[in-house]
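Undergrad: One structure, pasted below without further comment.
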Amino acid sequence: MASLEFNQLLVNNAEFLKPFAITLTKDSEAAKDLFQETLFRALANKDKYSVGTNIKAWLYTIMRNIFINNYRRKAKQNTIFDSTPNDFLLDHNQASVVNSAESNLRLKDLQGAIHNLPEIFRNPFLLYFDGFKYHEIAEMLQEPLGTIKSRIHFARKLLKSQIEAF
């Protein structure tokens, strides 16, 4: 394909890239830069374009790859390395005292909420909580597997709503 034909094909299909660039970057200035970089790379690599293939897809792929590479480059640049000595934290945990009163209260609240569940939900949930698989619970309670799954699901929903009140 001659350079003039490729350039004309590129110009005819370039406008479709602008909305895609804005979608990727969410910023009009960055989208313009991405659009320009895409056209530059397409022109620089016109020998890699296979005549008769979908040029839009080829251009979209170039743009997406440029965006991903730029994103990774920026993420790498934003990494902050803290090389300051943290000597003052060496003995930090030795002065702390464990207070399990709050966790014991929450555990009691949780156990109370479980035991307030209707029996139809409580039994499958407790078996599941003890580590039994769904199919084992279904065999123990002689219920269909789907019923057991839905009862455990509803038990979780009820517990979640009760615990959020605390």
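Values in this text are rule-based calculations from the coordinates and carry no lab data. It should be emphasised that the depicted structure is a prediction, and the values quoted were computed from it without experimental measurement. Here the Cβ is made from the backbone with ideal geometry for all residues, glycine too, and neighbour counts use every protein chain on show.
Undergrad: Along the Cα→Cβ direction, 7 angstrom out, place labels at Asn70 and Asn99. What is the inter-label distance in nm?
TA: Simple spin-label model gives 5.2 nm for this pair.
Undergrad: Between Leu107 and Lys133, what is the FRET efficiency for a Förster distance of 25 Å, r being their Cβ-Cβ separation, to the nearest 0.05?
TA: 0.50
Undergrad: Another question about this same structure. So, in nm, how far is label Ala2 from label Asn116 when the simple model puts each one 7 Å beyond its Cα toward the Cβ?
TA: Label at Ala2, label at Asn116, 8.3 nm between them.
Undergrad: Could you give the distance between the Cα centres of the stretch 1-44 and the stretch 110-166, to the whole Å?
TA: Using only Cα atoms to place each centre, the spacing works out to 56 Å.
Undergrad: May I ask for the net charge around Ile114, where only other residues with Cβ less than 14 Å from the Cβ of Ile114 are counted and Lys, Arg are +1 while Asp, Glu are -1?
TA: Residues close to Ile114 contribute a combined charge of +4.
Undergrad: Another question, if that's okay. Mind scanning Lys48/Lys74; Lys133/Lys157; Lys32/Lys56; Lys46/Lys74; Lys18/Lys56; Lys26/Lys48 and naming the pairs with a C-alpha gap bigger than 23 Å?
TA: Where the Cα-Cα span goes over 23 Å, the pairs concerned are Lys48/Lys74; Lys46/Lys74; Lys26/Lys48.
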